[in-house]
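This report concerns only the one structure given below.
The values are calculated or read from the model by the stated rules, or taken from the named source; none is laboratory data. If you're wondering where the values come from, they're calculated on a predicted model, not measured in any experiment. Cβ sites come from the backbone with ideal geometry, for glycine too, and all protein chains shown count toward neighbours.
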Amino acid sequence: MITLYTFGPEMGLPDPSPFVMKAEILLKMAGLPYRTRTRGFHKAPHGKLPYIDGNGQEVADSSFIRSYLERQYGIDFDAGYSRVERAFAWSVEKMLEEHLYFAIEHMRWTIDENFRHGPARFFRGVLAPLRPLVRRATRRKVVNRLRVHGLGFQSMDEIAERATRDIDALATILGSKPYLLGETPSGADATVFAFVASVLCPVFETSIRTNAERHANLKFYCERMWSRYYPWGDKQAEQAPEPQEARFGRLAVAAVLENARREKPRVKAQ
Ligand SMILES: N[C@@H](CCC(=O)N[C@@H](CS)C(=O)NCC(=O)O)C(=O)O
(Lines give C-alpha, C1' and ligand atoms only; values in the text may rest on other atoms or scores of the structure.)
Protein backbone atom coordinates (compact mmCIF):
# COMPACT_ATOMS: atom_id res chain seq x y z
CA MET A 1 0.00 0.00 0.00
CA ILE A 2 1.18 3.53 -0.72
CA THR A 3 2.04 5.68 2.29
CA LEU A 4 1.58 9.42 1.92
CA TYR A 5 3.53 11.54 4.38
CA THR A 6 1.55 14.57 5.47
CA PHE A 7 1.37 17.25 8.16
CA GLY A 8 -2.17 16.10 8.99
CA PRO A 9 -5.53 17.89 9.02
CA GLU A 10 -5.43 21.37 10.50
CA MET A 11 -7.28 24.70 10.24
CA GLY A 12 -10.31 22.98 8.75
CA LEU A 13 -8.24 21.73 5.82
CA PRO A 14 -7.23 18.14 5.05
CA ASP A 15 -3.70 19.49 5.33
CA PRO A 16 -2.22 22.97 5.82
CA SER A 17 0.03 22.30 2.81
CA PRO A 18 -1.65 22.66 -0.60
CA PHE A 19 0.99 20.33 -2.03
CA VAL A 20 0.06 17.59 0.41
CA MET A 21 -3.63 18.13 -0.41
CA LYS A 22 -2.83 17.88 -4.10
CA ALA A 23 -0.97 14.58 -3.63
CA GLU A 24 -3.79 13.14 -1.56
CA ILE A 25 -6.44 14.12 -4.12
CA LEU A 26 -4.35 12.57 -6.90
CA LEU A 27 -4.33 9.32 -4.91
CA LYS A 28 -8.09 9.58 -4.50
CA MET A 29 -8.51 10.31 -8.22
CA ALA A 30 -6.35 7.29 -9.01
CA GLY A 31 -8.54 5.13 -6.78
CA LEU A 32 -5.46 3.54 -5.24
CA PRO A 33 -5.45 2.33 -1.65
CA TYR A 34 -3.21 4.50 0.50
CA ARG A 35 -2.64 5.50 4.08
CA THR A 36 -1.36 8.74 5.55
CA ARG A 37 1.39 9.13 8.09
CA THR A 38 2.40 12.31 9.90
CA ARG A 39 5.76 11.14 11.21
CA GLY A 40 7.83 11.47 8.08
CA PHE A 41 8.89 15.12 7.92
CA HIS A 42 12.35 14.61 9.43
CA LYS A 43 13.07 11.92 6.84
CA ALA A 44 11.64 13.83 3.84
CA PRO A 45 14.03 13.36 0.90
CA HIS A 46 13.79 17.05 -0.09
CA GLY A 47 13.19 18.35 3.44
CA LYS A 48 9.56 19.02 2.42
CA LEU A 49 6.19 17.31 2.37
CA PRO A 50 4.58 15.57 0.61
CA TYR A 51 6.43 12.44 -0.29
CA ILE A 52 5.20 8.91 -0.69
CA ASP A 53 6.53 5.47 -0.08
CA GLY A 54 5.25 3.40 -2.94
CA ASN A 55 6.02 -0.12 -1.74
CA GLY A 56 9.65 0.67 -0.88
CA GLN A 57 10.22 3.40 -3.46
CA GLU A 58 10.27 6.93 -2.05
CA VAL A 59 9.04 9.72 -4.30
CA ALA A 60 9.20 13.35 -3.19
CA ASP A 61 7.42 16.39 -4.69
CA SER A 62 3.75 16.41 -5.65
CA SER A 63 4.47 16.66 -9.38
CA PHE A 64 6.88 13.73 -9.27
CA ILE A 65 4.33 11.79 -7.23
CA ARG A 66 1.87 12.36 -10.04
CA SER A 67 4.39 11.19 -12.69
CA TYR A 68 5.15 8.14 -10.56
CA LEU A 69 1.47 7.20 -10.31
CA GLU A 70 1.04 7.67 -14.06
CA ARG A 71 4.10 5.54 -14.87
CA GLN A 72 3.69 2.88 -12.24
CA TYR A 73 -0.07 2.33 -12.50
CA GLY A 74 -0.73 3.42 -16.08
CA ILE A 75 -3.06 6.20 -14.93
CA ASP A 76 -4.01 9.05 -17.22
CA PHE A 77 -5.25 11.81 -14.94
CA ASP A 78 -6.19 13.89 -18.00
CA ALA A 79 -8.08 11.20 -19.88
CA GLY A 80 -10.34 12.68 -22.53
CA TYR A 81 -8.45 15.96 -22.81
CA SER A 82 -6.30 17.09 -25.74
CA ARG A 83 -2.57 17.85 -25.73
CA VAL A 84 -3.28 21.57 -25.81
CA GLU A 85 -5.65 21.29 -22.85
CA ARG A 86 -3.06 19.28 -20.92
CA ALA A 87 -0.40 21.88 -21.63
CA PHE A 88 -2.77 24.63 -20.54
CA ALA A 89 -3.55 22.75 -17.31
CA TRP A 90 0.17 22.47 -16.52
CA SER A 91 0.63 26.23 -16.92
CA VAL A 92 -2.30 26.94 -14.57
CA GLU A 93 -0.87 24.54 -12.00
CA LYS A 94 2.49 26.22 -12.12
CA MET A 95 0.94 29.68 -11.74
CA LEU A 96 -0.56 28.47 -8.48
CA GLU A 97 2.40 26.46 -7.22
CA GLU A 98 5.25 28.72 -8.21
CA HIS A 99 3.57 32.13 -7.88
CA LEU A 100 0.43 32.21 -5.76
CA TYR A 101 1.88 29.81 -3.19
CA PHE A 102 4.48 32.31 -2.00
CA ALA A 103 1.87 35.04 -1.49
CA ILE A 104 -0.20 32.61 0.60
CA GLU A 105 2.84 31.63 2.63
CA HIS A 106 3.76 35.27 3.13
CA MET A 107 0.31 36.20 4.39
CA ARG A 108 0.14 33.20 6.74
CA TRP A 109 3.58 33.66 8.26
CA THR A 110 4.23 37.41 8.31
CA ILE A 111 0.83 38.87 9.33
CA ASP A 112 0.85 38.49 13.12
CA GLU A 113 -2.86 37.71 13.42
CA ASN A 114 -2.70 35.02 10.76
CA PHE A 115 0.45 33.55 12.21
CA ARG A 116 -1.19 33.35 15.62
CA HIS A 117 -4.28 31.56 14.28
CA GLY A 118 -2.39 29.33 11.87
CA PRO A 119 1.29 28.39 11.83
CA ALA A 120 1.87 29.28 15.51
CA ARG A 121 -0.41 26.39 16.40
CA PHE A 122 2.06 23.93 14.90
CA PHE A 123 4.24 24.42 17.96
CA ARG A 124 1.71 23.47 20.63
CA GLY A 125 3.50 20.23 21.38
CA VAL A 126 6.92 21.79 21.98
CA LEU A 127 7.97 21.99 25.61
CA ALA A 128 6.68 25.31 26.94
CA PRO A 129 10.10 26.85 27.76
CA LEU A 130 11.40 26.02 24.27
CA ARG A 131 8.24 26.96 22.40
CA PRO A 132 8.91 30.68 21.75
CA LEU A 133 12.45 29.89 20.59
CA VAL A 134 11.39 27.16 18.20
CA ARG A 135 8.48 29.23 16.91
CA ARG A 136 10.67 32.25 16.28
CA ALA A 137 13.42 30.25 14.58
CA THR A 138 10.96 28.57 12.24
CA ARG A 139 9.24 31.84 11.44
CA ARG A 140 12.60 33.42 10.70
CA LYS A 141 13.45 30.55 8.38
CA VAL A 142 10.24 31.11 6.39
CA VAL A 143 10.77 34.89 6.21
CA ASN A 144 14.36 34.35 5.02
CA ARG A 145 13.20 31.96 2.36
CA LEU A 146 10.63 34.45 1.09
CA ARG A 147 13.36 37.07 0.80
CA VAL A 148 15.62 34.71 -1.09
CA HIS A 149 12.68 34.13 -3.41
CA GLY A 150 12.30 37.91 -3.88
CA LEU A 151 8.67 38.20 -2.85
CA GLY A 152 9.73 38.86 0.74
CA PHE A 153 11.04 42.27 -0.32
CA GLN A 154 7.77 43.36 -1.92
CA SER A 155 5.18 45.45 -0.07
CA MET A 156 1.96 43.83 1.09
CA ASP A 157 0.07 45.80 -1.59
CA GLU A 158 2.37 44.59 -4.32
CA ILE A 159 2.05 40.98 -3.16
CA ALA A 160 -1.74 41.31 -2.97
CA GLU A 161 -1.90 42.83 -6.47
CA ARG A 162 -0.07 39.89 -8.01
CA ALA A 163 -2.05 37.31 -6.04
CA THR A 164 -5.28 39.01 -7.11
CA ARG A 165 -4.25 38.61 -10.72
CA ASP A 166 -3.72 34.89 -10.17
CA ILE A 167 -7.15 34.47 -8.57
CA ASP A 168 -8.89 36.58 -11.22
CA ALA A 169 -7.14 34.63 -13.96
CA LEU A 170 -8.17 31.33 -12.38
CA ALA A 171 -11.79 32.44 -12.02
CA THR A 172 -11.86 33.59 -15.64
CA ILE A 173 -10.32 30.34 -16.88
CA LEU A 174 -12.78 28.24 -14.86
CA GLY A 175 -15.75 30.28 -16.08
CA SER A 176 -18.91 28.22 -15.87
CA LYS A 177 -17.18 24.84 -16.31
CA PRO A 178 -17.57 22.39 -13.41
CA TYR A 179 -13.86 21.51 -13.54
CA LEU A 180 -10.77 23.28 -14.79
CA LEU A 181 -10.81 21.77 -18.28
CA GLY A 182 -14.43 20.80 -18.70
CA GLU A 183 -17.06 18.34 -17.57
CA THR A 184 -14.72 15.88 -15.86
CA PRO A 185 -11.87 16.45 -13.41
CA SER A 186 -8.32 16.39 -14.72
CA GLY A 187 -5.10 16.02 -12.72
CA ALA A 188 -4.76 19.79 -12.44
CA ASP A 189 -7.99 19.93 -10.46
CA ALA A 190 -6.09 18.36 -7.56
CA THR A 191 -3.88 21.44 -7.53
CA VAL A 192 -6.60 23.96 -8.27
CA PHE A 193 -8.81 22.66 -5.47
CA ALA A 194 -5.92 22.51 -3.00
CA PHE A 195 -5.11 26.16 -3.67
CA VAL A 196 -8.66 27.47 -3.80
CA ALA A 197 -9.49 25.70 -0.50
CA SER A 198 -6.29 27.10 1.04
CA VAL A 199 -7.10 30.62 -0.11
CA LEU A 200 -10.71 30.43 1.11
CA CYS A 201 -9.69 29.02 4.50
CA PRO A 202 -11.60 31.23 6.97
CA VAL A 203 -8.81 31.08 9.55
CA PHE A 204 -6.80 33.61 7.57
CA GLU A 205 -7.76 37.22 6.94
CA THR A 206 -6.09 38.04 3.66
CA SER A 207 -6.81 40.24 0.69
CA ILE A 208 -6.38 37.10 -1.44
CA ARG A 209 -9.31 35.49 0.35
CA THR A 210 -11.44 38.64 0.11
CA ASN A 211 -10.87 38.69 -3.62
CA ALA A 212 -11.48 34.97 -4.06
CA GLU A 213 -14.78 35.25 -2.18
CA ARG A 214 -16.02 37.66 -4.86
CA HIS A 215 -15.83 34.85 -7.41
CA ALA A 216 -18.94 32.71 -6.96
CA ASN A 217 -17.64 30.15 -9.45
CA LEU A 218 -14.55 29.51 -7.33
CA LYS A 219 -16.67 29.01 -4.23
CA PHE A 220 -19.01 26.57 -6.01
CA TYR A 221 -16.03 24.78 -7.52
CA CYS A 222 -14.54 24.39 -4.07
CA GLU A 223 -17.77 22.95 -2.66
CA ARG A 224 -18.04 20.56 -5.60
CA MET A 225 -14.51 19.29 -5.02
CA TRP A 226 -15.00 19.04 -1.25
CA SER A 227 -18.02 16.80 -1.63
CA ARG A 228 -16.41 14.74 -4.37
CA TYR A 229 -13.08 14.04 -2.66
CA TYR A 230 -13.76 14.60 1.04
CA PRO A 231 -17.33 13.43 1.61
CA TRP A 232 -18.35 12.98 5.22
CA GLY A 233 -17.04 9.73 6.61
CA ASP A 234 -14.30 9.37 4.03
CA LYS A 235 -12.75 5.99 4.77
CA GLN A 236 -10.19 5.80 2.02
CA ALA A 237 -7.37 7.44 3.92
CA GLU A 238 -6.33 5.48 6.93
CA GLN A 239 -5.42 8.25 9.34
CA ALA A 240 -2.54 7.65 11.70
CA PRO A 241 -4.09 7.67 15.17
CA GLU A 242 -1.81 10.03 17.03
CA PRO A 243 -2.43 13.05 19.20
CA GLN A 244 -2.21 16.46 17.51
CA GLU A 245 0.00 17.87 20.25
CA ALA A 246 2.75 15.29 19.82
CA ARG A 247 2.58 15.56 16.05
CA PHE A 248 3.18 19.29 15.87
CA GLY A 249 5.82 19.14 18.59
CA ARG A 250 7.82 16.77 16.46
CA LEU A 251 7.16 18.84 13.37
CA ALA A 252 8.42 22.02 15.04
CA VAL A 253 11.58 20.46 16.43
CA ALA A 254 12.28 18.81 13.09
CA ALA A 255 11.83 22.18 11.37
CA VAL A 256 14.36 23.84 13.63
CA LEU A 257 16.90 21.04 13.23
CA GLU A 258 16.39 21.20 9.49
CA ASN A 259 16.84 24.96 9.61
CA ALA A 260 20.12 24.64 11.48
CA ARG A 261 21.35 22.03 9.03
CA ARG A 262 20.44 23.81 5.82
CA GLU A 263 20.34 27.57 6.33
CA LYS A 264 22.05 30.20 8.34
CA PRO A 265 19.39 32.71 9.48
CA ARG A 266 20.07 36.14 8.09
CA VAL A 267 16.90 38.12 8.61
CA LYS A 268 15.21 38.95 11.86
CA ALA A 269 11.57 37.79 11.94
CA GLN A 270 8.95 40.29 13.07
N1 LIG B 1 7.44 21.44 -5.04
C2 LIG B 1 7.05 20.77 -3.81
C3 LIG B 1 6.72 21.81 -2.75
C4 LIG B 1 6.49 21.18 -1.38
C5 LIG B 1 6.52 22.22 -0.26
O6 LIG B 1 6.86 23.38 -0.48
N7 LIG B 1 6.12 21.79 0.94
C8 LIG B 1 6.14 22.67 2.10
C9 LIG B 1 4.78 22.74 2.75
S10 LIG B 1 3.64 23.64 1.75
C11 LIG B 1 7.08 22.12 3.16
O12 LIG B 1 7.16 20.94 3.37
N13 LIG B 1 7.78 23.02 3.84
C14 LIG B 1 8.62 22.69 4.97
C15 LIG B 1 9.95 23.34 4.87
O16 LIG B 1 10.30 23.87 3.81
O17 LIG B 1 10.66 23.31 5.88
C18 LIG B 1 5.87 19.86 -4.13
O19 LIG B 1 5.19 20.06 -5.14
O20 LIG B 1 5.64 18.89 -3.38
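Worth a mention:
- Filter result for V203 (β-branched (V, I, T) and over 13 Å from the mean Cα position of the chain (by Cα)): yes
Conditions tested, residue by residue: (1) away from the ligand (no atom under 16 Å from the Cβ); (2) assigned to a helix (DSSP H, G or I); (3) at pLDDT below 55; (4) β-branched (V, I, T).
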{"site": "T164", "(1), (2), (3), (4)": "yes, yes, no, yes"}
{"site": "S176", "(1), (2), (3), (4)": "yes, no, no, no"}
{"site": "S186", "(1), (2), (3), (4)": "yes, no, no, no"}
{"site": "A190", "(1), (2), (3), (4)": "no, yes, no, no"}
{"site": "V196", "(1), (2), (3), (4)": "no, yes, no, yes"}
{"site": "P202", "(1), (2), (3), (4)": "yes, no, no, no"}
{"site": "R224", "(1), (2), (3), (4)": "yes, yes, no, no"}
{"site": "L251", "(1), (2), (3), (4)": "no, yes, no, no"}
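- Among the conditions (1) among the small types (G, A, S); (2) in a helix (DSSP H, G or I); (3) within 19 Å of the chain's Cα centre (by Cα), A169 misses just one, which is (3).
Yes/no matrix, rows are residues, columns are (1) within 12 Å of the ligand (Cβ to nearest atom); (2) within 17 Å of the chain's Cα centre (by Cα):
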position	(1), (2)
L4	yes, yes
G8	no, yes
L27	no, yes
K48	yes, yes
S62	yes, yes
G74	no, no
Y81	no, no
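- Test: S17 is within 12 Å of the ligand (Cβ to nearest atom), touching a helix residue (DSSP H, G or I) at 6+ places or on another chain (Cβ under 6 Å) and within 20 Å of M225 (Cα to Cα): no
- Residues that are assigned to a helix (DSSP H, G or I) and either more than 20 Å from N114 (Cα to Cα) or in contact with a Pro (Cβ under 9 Å, 6 or more places away or on another chain) (or both) within region 1-33 comprise F19, V20, M21, K22, A23, E24, I25, L26, L27, K28, M29, A30, listed in sequence order.
- Applying a threshold of 9 Å to beta carbon distances and a minimum spacing of six or more residues, or different chains, the list of pairs starting in region 126-139 at a residue that is buried (at least 16 other Cβ atoms within 10 Å of the Cβ) and ending at one that is among the polar types (S, T, N, Q) reads A137/N259; T138/N259; R139/T110; R139/Q270.
- Scope region 103-162; condition within 15 Å of the ligand (Cβ to nearest atom) and among the acidic types (D, E); matching residues: E105
- Residue in region 38-54 that is closer than 20 Å to D76 by Cα and either in contact (Cβ under 8 Å) with a residue 60 or more places away in the chain or in contact with a helix residue (DSSP H, G or I) (Cβ under 7 Å, 6 or more places away or on another chain) (or both) present: yes
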